[in-house]
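Quick notes on the structure that follows.
The values are calculated or read from the model by the stated rules, or taken from the named source; none is laboratory data. Just so we're clear, the structure is a prediction, and the values are computed from it rather than from any experiment. Here Cβ is always computed from backbone atoms with ideal geometry, including for glycine, and neighbour counts include all displayed protein chains.
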């Protein structure tokens with residue numbers, strides 16, 4: 001009878017270990033997906049701001065050129 005319970009205990013421990021490892025793998029996948037999504041948002045934001053930043057630097061350059069021409 002003790003052998004029966006020992007076998008059940010070992011089976012449950014093995015199953016528990018597998019489940020814990022699978023959770024760690026799932027957590028790593030979730031972190032990977034989250035990092036990928038954040039990276040995508042940053043890239044899209046940078047692409048959207050490219051034109052605005054170009055215009056800003058053009059305006060600053062024109063302003064400074066106007067000041068230099070006035071000297």
Checking residue 22 against (1) surrounded by 10 or more Cβ atoms within 10 Å (Cβ to Cβ); (2) at pLDDT below 80; (3) over 25 Å from the mean Cα position of the chain (by Cα), only one condition comes out false. Which one? (3)
Of the residues 58, 27, 3, only one is assigned to a helix (DSSP H, G or I), modelled with pLDDT under 90 and surrounded by 10 or more Cβ atoms within 10 Å (Cβ to Cβ); which? 27
